[in-house]
Amino acid sequence: MTESSASSIEPSEESLRTVEFAATDALLREDVKTLGALVGEILSEQRGADFLSEVEHLRRAAIRRRESGAPVDELADALAGIELSQASDLVRAFATYFQAVNLAERVHRIRRRRDYERSTARAQPGSLRDVLTQLARQGVSAEEVAELLPRLRIEPVFTAHPTEAVRRALLEKERQIVGCLVDDIDRSLTPAERRADRERIRLALTASWQTAEAPSAKPSVADEFEHVGFYLSEVLYKVLPVFYEAFDEALREGYGLDDVLPPLLGFGTWVGGDMDGNPNVGADTIVASLVGQRGLVLAAYRRDLASLGELLSQSLHRVQVDPAVLERLDAYKAAMPLAAERLRPRHADMPYRNLLALMIERLDLTTREAPGGYEDAAAFLGDVQLIEASLAANGGEHAGLFAVRRLRRRAQCFGFHLASLDLRQDSSVHDAALAAVLDDPEWPTRSAQARAQRLHGIVSSEDEVPAVEPDSAASVLAVFRAVAELRPRFGERAFGPYIISMSRSAADALAVLALARVARCIDTDGHVPLDVAPLFETVDDLAAAPDTLKALFADRHYREHLAARGNRQVVMLGYSDSAKDGGIVASRWALQQTQIALTQLAQDSGIRIAFFHGRGGSISRGGGKTERAVIAAPRGSVDGYLRLTEQGEVIHRKYGIRALALRNLEQTTGAVLRATLRPRPPEPREAGWRTIAAELAGNARAHYRALVHEHPDFPAYFRAATPIDVIERLRIGSRPAKRAGDGGIGSLRAIPWVFAWAQNRCGLTAWYGVGTALQQALDAHGRDTLAEMARDWPFFGTLVDDVEMVLAKSDPAIFERYSRLAGDLHARMHPGIAGEFERTREAVLAIKGEDDLLANDRRLRQSIRLRNPYVDPISLLQVDLLARWREADRPEDERLRALVATVNGIAAGIQNTG
């Protein structure tokens, strides 16, 4: 492209002038400008100068509309009736810009981290060094820290939920762009090097433009495994030892503690094990996932061993080697004579290198499940530790010990399983299976007490286990048989908890134990070798959770099961469905109250309760900053343990870049340390605040349910005023969008429910009912009281901040265009929704004492303003295309493909799906 044609895209500077960049963000501004210029060049090259001019015209119109407060009509009229081929390309053009801005912002986060690391005087806020320094200042002793470390456990769990709208091929190209930007993160490259990197970025962006945003076929469970497996094996596997090194350094600097860290990180996955509502998941996918994970981690170990073989060339006549290493080498030579013959004679005096070569042979046998392979991960770890100990004792501190220690950390975490596979099924499926096994058609309708009493005998083996295994229960029993078969093969940590969706009584947990016994899924001591984790999802179920757990703990047979599991009960808390059920305030309050009650129950019963947080990506599904949520949790509820789901686009945002994955793990662990070692001191004002919060929850829930669950016109309005009919056709997940049911709001899963309201720029799921409740509280208790709550009570402050963020991302004027798609329903439904939005905005600003949303969050405000001129045209295109597609009776044609492009584009722009 010539300089003159390139200058035609310089108006991107216009949009930058409307955004205030701090001095510390000057290089971010440069990256955004450079990438924006490249996008302009690519658009001109691929679609012509006229197309680029059209993009620029629409972008300028969007900026004018935003900066002057002009009506949205001018921009909407410019987009109405546009040709389908042009519409798709316009969406992709704007989405390509989002890609550039997103990557520039992520790389800038790495730049800021490096700036802190260069400054020895201060630690980056939220880093482990910063947290331990603060704890030391607060009087936390080295003894307190050392006592906590053995029970400290952090477990992110990657789910298969279909909210990642970016396909793997495009993510790979993003990595290439990030690599180039990171290489020049502080502008240290030569001009020639910078030009070469610019061409590499252009190549990746051009290839992205030429790649379809969505796959042509709906992804299978195997495809989901490939996606999640990438983050586990390519990012977290490599980041994990760096995390431990940062933690070790922080402990040495802050407390003088050296080499005291136990294996405290673990990872879980739902891919292949989440059966809830997904007929594509069962015993066969459980096997396939475990085999696939094993293959990934063994391949990673093999690469590490090969690298160590090149590194550890120590010769016996130059250094001492632990006799145990020599003995192990001789034993392996005897056990694998053919492999021993392949060892090079000129390496005969290099015991480490030779042992590593034979360890590779054993790993290869393990991969093929052939005789002579490692019997388990512990045996492999033993070999690694043998080499580590020998190097440590014989001058290897700076001659390879560091690299061996890294492999040891990986082997301790990932074993031969890579990530623990959770299993999940709906309680009603268990009841149906038991009805068949027990030959009792009335079983699902019997009382919870009656079912629990009948199950006691089976769970305790006092009653004979039913021998009948009817076809209607075969798939459920096959899962437990798979666990029994695979656990010895893949190790105890291969399986995470067995999660029971829609848990409502103690009978639901006993049903799992009973079905496991029917399938002969028991260990050598006669116990079911799984943690049984009830998942409490609705507001009412959360309220009933303490009574459910009390009933379970009172059951002597279940207590025997818990004793075999270390007297620890995993409890999963559902953020998504509770918010869909009662709105965000009722959900957050129910979750808070449940954790308080169950924490007290744990103290009274002697059973440790480990909370598993089922958080989604969006605010209304429990999303937001993890560290803030941990600090806002009730006192005593964290207790050194955090297990939480990571879903959809959140996985990419948190773990797509290694440096950001490390930062996320540090922030999360630091928050758990703070919440455990120095939780907030008792607050005398909190009793009064809790009374107000309970009022807020009740009032917000009533207002929310009156619209969402009780208004007769709402289901039809929802389907007309959102692109839910497009979302239901997206090929981005193996699981259906709906549960079994009547097709109403209740049967729709929380993810597409939230996704739809994010797409139409309304965000209703995160704020409806909040404004009414806050206004009532302001009238009853005064602005000063609520402002004090937001300032001094993390629970309430986090809630208000989260609602404020969604309000700032929402656009009432654009939402109104979607609402008009509902025809006559628009006049009946829209005024009430628009009024509640304004009430919520005014109440939040009153509590915060501000005139504008996000007044105290410059970076987020900057990020939104950078994207708005590009999101707005896509949204208005979507409205126009929805009307045309529906008028044609929703055909599977170019109109739908254009609509799918708008869905992906909006998701990229607002950085939120479900």
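Tell me whether segment 366-379 contains one or more residues that are outside the structural domain of Ala494 (by TED's automatic domain parsing), more than 37 Å from the chain's Cα centre (by Cα) and in contact (Cβ under 8 Å) with a residue 60 or more places away in the chain.
No, segment 366-379 contains no residue that is outside the structural domain of Ala494 (by TED's automatic domain parsing), more than 37 Å from the chain's Cα centre (by Cα) and in contact (Cβ under 8 Å) with a residue 60 or more places away in the chain.
Hey, among Ala450, Ala433, which residue is of a type in the set (A, V, I, L, M), surrounded by 14 or more Cβ atoms within 10 Å (Cβ to Cβ), modelled with pLDDT of 90 or more and touching a helix residue (DSSP H, G or I) at 6+ places or on another chain (Cβ under 9 Å)?
Checking each option against the conditions leaves just Ala433.
Kindly provide the set of residues from segment 605-625 that are over 24 Å from Tyr704 (Cα atoms) and at pLDDT 90 or above, ordered by number.
Across segment 605-625, the qualifying residues are Ser605, Gly606, Ile607, Arg608, Ile609, Ala610, Phe611, Phe612.
Could you list, in sequence order, all residues of segment 389-399 that are surrounded by fewer than 19 Cβ atoms within 10 Å (Cβ to Cβ) and either closer than 14 Å to Asp304 by Cβ or of a type in the set (Gly, Ala, Ser) (or both)?
Correct list: Ala389, Ala392, Ala393, Gly395, Ala399.
Mind counting the residues in segment 512-540 that are more than 15 Å from Arg565 (Cβ to Cβ) and touching a strand residue (DSSP E or B) at 6+ places or on another chain (Cβ under 8 Å)?
4
Scan segment 787-821 residue by residue and report those that are out of contact with any Phe, Trp or Tyr (no Cβ under 6 Å at 6 or more places or on another chain) and among the small types (Gly, Ala, Ser).
Answer for segment 787-821, where residues must be out of contact with any Phe, Trp or Tyr (no Cβ under 6 Å at 6 or more places or on another chain) and among the small types (Gly, Ala, Ser): Ala787, Gly797, Ala808, Ser810, Ala813, Ser819.
Which of the residues belonging to segment 178-196 are touching a residue at least 60 places away in the same chain (Cβ under 8 Å) and outside any loop (DSSP other than H, G, I, E, B)?
Start the filter on segment 178-196 by keeping residues that are touching a residue at least 60 places away in the same chain (Cβ under 8 Å), which leaves 178, 181-182, 185-187.
Within segment 178-196, Val178, Leu181, Val182 meet the criteria.
Considering only residues that are assigned to a loop (DSSP other than H, G, I, E, B) and under 32 Å from the mean Cα position of the chain (by Cα), look in segment 458-502 and name the one that is farthest from Asp440 (Cα to Cα).
Gly491
Does segment 343-352 hold any residues that are buried (at least 20 other Cβ atoms within 10 Å of the Cβ) and farther than 24 Å from Asp376 by Cβ, and which are they?
Result: Met350, Pro351.
Specify which of the listed residues (Tyr301, Tyr244) is in the same structural domain as Ala379 (by TED's automatic domain parsing), in contact with a Lys or Arg (Cβ under 8 Å, 6 or more places away or on another chain) and either more than 30 Å from Phe480 (Cβ to Cβ) or crowded, with 18+ Cβ neighbours inside 10 Å (or both).
That would be Tyr301, the only listed residue that is in the same structural domain as Ala379 (by TED's automatic domain parsing), in contact with a Lys or Arg (Cβ under 8 Å, 6 or more places away or on another chain) and either more than 30 Å from Phe480 (Cβ to Cβ) or crowded, with 18+ Cβ neighbours inside 10 Å (or both).
Which numbered condition in (1) under 23 Å from the mean Cα position of the chain (by Cα); (2) at pLDDT 90 or above; (3) not hydroxyl-bearing (Ser, Thr, Tyr) is the only one that Gly782 fails?
(1)
Just to be sure I understand the filter: pairs with C-beta atoms under 6 Å, separated by 6 or more residues or on different chains, first member in segment 257-272 and buried (at least 18 other Cβ atoms within 10 Å of the Cβ), second member in a loop (DSSP other than H, G, I, E, B) and among the hydroxyl-bearing types (Ser, Thr, Tyr). Which pairs pass?
The qualifying pairs are Trp270/Thr159.
Okay, residues lined up against (1) of a type in the set (A, V, I, L, M, F, W, C); (2) at pLDDT below 95; (3) farther than 29 Å from Met572 by Cα:
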position: Gly229; (1), (2), (3): no, yes, no
position: Leu236; (1), (2), (3): yes, no, no
position: Leu240; (1), (2), (3): yes, no, no
position: Leu265; (1), (2), (3): yes, no, no
position: Gly277; (1), (2), (3): no, yes, no
position: Val287; (1), (2), (3): yes, no, no
position: Gly295; (1), (2), (3): no, no, yes
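Could you list, ordered by first residue, the pairs with Cβ atoms under 7 Å in which the first is in segment 131-147 and closer than 18 Å to Gln667 by Cβ and the second is acidic (Asp, Glu), at least 6 apart or interchain?
Taking only residues 6 or more apart or on different chains, not a single pair turns up.
Sort through Gly909, Gly835 and tell me the only one that's of a type in the set (Gly, Ala, Ser), in a helix (DSSP H, G or I) and over 23 Å from Glu83 (Cα atoms).
After ruling out the rest, the residue left standing is Gly835.
I'm told Arg791 meets every condition in (1) in contact (Cβ under 8 Å) with a residue 12 or more places away in the chain; (2) within 33 Å of the chain's Cα centre (by Cα) except one. Can you identify the failing condition by its number?
(1)
Could you grab me the full set of residues in segment 642-658 that are part of a helix (DSSP H, G or I) and either farther than 16 Å from Arg114 by Cβ or at pLDDT below 90 (or both)?
Within segment 642-658, Glu649, Val650, Ile651, His652, Arg653, Lys654, Tyr655 meet the criteria.
Which residue, of Ala484, Ala511, is farther than 28 Å from Thr366 by Cα and touching a residue at least 12 places away in the same chain (Cβ under 8 Å)?
Exactly one of Ala484, Ala511 is farther than 28 Å from Thr366 by Cα and touching a residue at least 12 places away in the same chain (Cβ under 8 Å), namely Ala511.
Tell me, please, whether a residue that is closer than 26 Å to Asn699 by Cβ, assigned by TED's automatic domain parsing to the domain that holds Ala780 and in contact with a Cys (Cβ under 9 Å, 6 or more places away or on another chain) can be found in segment 834-856.
yes
State the number of residues belonging to segment 790-813 that are in contact with a Cys (Cβ under 9 Å, 6 or more places away or on another chain) and either assigned to a helix (DSSP H, G or I) or surrounded by fewer than 19 Cβ atoms within 10 Å (Cβ to Cβ) (or both).
So the count comes out to 1.
Within segment 619-641, can you find the residues that are on the phi > 0 side of the Ramachandran plot and assigned to a helix (DSSP H, G or I)?
none
Restricted to segment 304-342, and to residues that are of a type in the set (Lys, Arg) and assigned to a helix (DSSP H, G or I), which residue is surrounded by the fewest Cβ atoms within 10 Å (Cβ to Cβ)?
Filtering segment 304-342 down to residues of a type in the set (Lys, Arg) leaves 318, 328, 333, 342.
Next, from what is left, pick out any that are assigned to a helix (DSSP H, G or I): 328, 333.
Numbers: Arg328: 20, Lys333: 16.
Per the stated criteria, the residue is Lys333.
So which residues in segment 130-157 are under 29 Å from the mean Cα position of the chain (by Cα) and farther than 30 Å from Phe495 by Cα?
Asp130, Val131, Leu132, Thr133, Gln134, Leu135
Restrict the check to segment 508-528 and report whether at least one residue is within 24 Å of the chain's Cα centre (by Cα) and either closer than 18 Å to Leu598 by Cα or assigned by TED's automatic domain parsing to the domain that holds His709 (or both).
No, that holds for no residue.
For segment 770-789, how many residues are more than 15 Å from Asn699 (Cβ to Cβ) and surrounded by fewer than 19 Cβ atoms within 10 Å (Cβ to Cβ)?
Adding up the residues that qualify gives 6.
The values are calculated or read from the model by the stated rules, or taken from the named source; none is laboratory data. Predicted, not measured: the structure shown is a model, and the values here were computed from it. FYI the Cβ positions are ideal-geometry reconstructions off the backbone, even for glycines, and counts take in every protein chain you see.
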